[in-house]
Amino acid sequence: MRQNLNEPAPAGNQPSAATAAEPGRPGWGQTLRFYLEPASLRMLLLGFSAGLPLLLVFGSLSFWLREAGIDRSTIGYLSWIGLAYGFKWVWAPLVDRLPIFLLTRWLGRRRSWLLLSQGVIMAALVGMALTDPQRALLPMVWCALAVAVASATQDIALDAFRIESAEVERQAALAATYQTGYRIAMIWAGAGVLWIAARSEVAGVSGYQHGGWQTAYLVMAASMLLGMVTVLFSPEPVAAPLPRARNAAEWLKGALIEPFADFLRRYGKQAVLILALIAMYRISDVVMGIMANPFYVDMGFSKDEVAAVTKVYGVIMTLVGAFVGGALAMRLGVMRVLMLGAVLSAATNLMFAWLSTRGHDVHALVFVISADNLASGIASAAFIAYISGLTNVSYSATQYALFSSMMLLLPKFLAGYSGVFVDAHGYSSFFMATALLGLPVLLLVWLASRHAAPGGR
């Protein structure tokens, strides 16, 4: 459910996604049927398309580069490619308003940008597959950057497509099915790409083999066809009509300035509270997550153990959490589940502090990963529904891109110092400190809930 922070709906043909609360709650049967509707199933497949590129330019790529002999400092610098996701709001107004020659007339505003970005992702993944970083690293970097920028662009268009594809009460279900597809893709791009690369190597030959990685990334590129076919067979959502601009200056104002001005007009002083909540909500998870893999290594867990527990089983638990969070949000209201997610996210970081005292204990790892990923799924489903509800459908791509970018900037900045903290104070203190980072979030959620419409609480 989307929130109306005590603001009236805009007049005329400028509808707000943050409209008045629905008069009643759906029953559990109706709630579950939301997940089987065509819009939810389409979002499952498009979520897969959105989740596939992320690990292919981060985790999986780092593994590939290290195996090819690239030094760790270079691999660390290459992680800045991910800034494309943090600054996607810069070009989001263009995705929101700019038509693509011929393609927009054929497919519509949202589907044309989706298909274009997916095509670029596929082509760039093929470029990565055909490049051996051991011989030429720079072409690999440019291809990975193209994947990241196109993936961020796909996110912009897909978020707008999702928001415009269903009414308010179905947004939590769409968020949950989107997350499900996204997490399945992360299993495929994480554990799957390693499995394919290992089995495509020449038997009996030790050391780095480019052929295995080439096969794996070509398979990943072909996997983007699932999203492209879904786009072609999906209906274009009914979007608010765009005002006609009399000149270039008026068009730029409508595309670049008006989305942000609209948000400030609708929420006024509450905008500061809302933006603070968005910037802080996932801070415990993101800051802790940077040190998760080094922690597993230092605790003596093997690659197979980490892959099975965190990249497969952990993702499954996140999917369960996403469905639970989506269902609870529709039944109880987004703000209540948002608070629950914030509490659980901080609490599960304390469980990692306990895990640090257990040594190499696989059963303890399974227990902690179960709780952590379940909490993450619940929090993510509620958070996506919350920020979806803040958008005006006339500027959905731009405003959602701003919100989702803000979610990462501060946590990613702080996470850069996580290794220094662990070196100075140890893992147990680090995990407890990340849990404490979640305390201001509880206050922000409580303050925001006081201004939410009764139906959203």
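The values are calculated or read from the model by the stated rules, or taken from the named source; none is laboratory data. Everything numeric here is computed off the predicted structure, so don't read it as measured data. Cβ atoms come from the backbone with ideal geometry, glycine included; neighbour counts cover every protein chain shown.
Beta carbons closer than 6 Å, at least 6 apart along the sequence or on distinct chains, pair a first residue in segment 135-146 that is of a type outside the set (A, V, I, L, M) with a second that is buried (at least 20 other Cβ atoms within 10 Å of the Cβ) for Pro139/Thr131; Cys143/Ala124; Cys143/Met128.
Among the conditions (1) at pLDDT below 85; (2) assigned to a helix (DSSP H, G or I); (3) surrounded by fewer than 18 Cβ atoms within 10 Å (Cβ to Cβ), the only one that Gly300 does not satisfy is (2). Among residues that are under 17 Å from the mean Cα position of the chain (by Cα) and among the hydrophobic types (A, V, I, L, M, F, W, C), Val362 is not included.
In segment 62-108, which residues are at pLDDT 75 or above, part of a helix (DSSP H, G or I) and more than 22 Å from the chain's Cα centre (by Cα)? Selection gives Trp64, Leu65, Glu67, Arg97, Leu103, Thr104, Arg105, Trp106, Leu107.
Is it the case that some residue within segment 173-188 is in contact with a Lys or Arg (Cβ under 7 Å, 6 or more places away or on another chain) and surrounded by fewer than 23 Cβ atoms within 10 Å (Cβ to Cβ)? Don't jump to the end; show me each part of the working.
Going through segment 173-188, the residues in contact with a Lys or Arg (Cβ under 7 Å, 6 or more places away or on another chain) turn out to be 174, 178, 187.
Still in the list and also surrounded by fewer than 23 Cβ atoms within 10 Å (Cβ to Cβ): 187.
Within segment 173-188, one or more residues are in contact with a Lys or Arg (Cβ under 7 Å, 6 or more places away or on another chain) and surrounded by fewer than 23 Cβ atoms within 10 Å (Cβ to Cβ).
Here Glu164 passes the criteria (1) part of a helix (DSSP H, G or I); (2) charged (D, E, K, R); (3) more than 29 Å from Leu338 (Cβ to Cβ) except the one numbered (3). For segment 46-65, the criterion of being of a type in the set (S, T, N, Q), surrounded by fewer than 18 Cβ atoms within 10 Å (Cβ to Cβ) and closer than 30 Å to Ser206 by Cα is met by none of the residues. For beta carbons closer than 9 Å, sequence separation of 6+ or different chains, a first residue in segment 83-96 that is without any contact (Cβ under 8 Å) to a residue 24 or more places away in the chain and a second that is assigned to a helix (DSSP H, G or I), the qualifying pairs are Leu83/Ala148; Leu83/Lys412; Val90/Ala401; Val90/Ser405. Restricting Val312, Val343, Val368 to those that are within 18 Å of the chain's Cα centre (by Cα) and in a helix (DSSP H, G or I) reduces the list to Val312. For segment 355-373, which positions are surrounded by fewer than 16 Cβ atoms within 10 Å (Cβ to Cβ) and polar (S, T, N, Q)? The answer is Thr357, and nothing else. Selection of segment 109-141 for residues being outside any helix (DSSP H, G or I) and out of contact with any helix residue (DSSP H, G or I) (no Cβ under 9 Å at 6 or more places or on another chain) yields only Ala136. When we screen Val202, Val238, Val286 for residues that are under 30 Å from Val120 (Cα atoms), assigned to a loop (DSSP other than H, G, I, E, B) and modelled with pLDDT under 90, the only hit is Val238.
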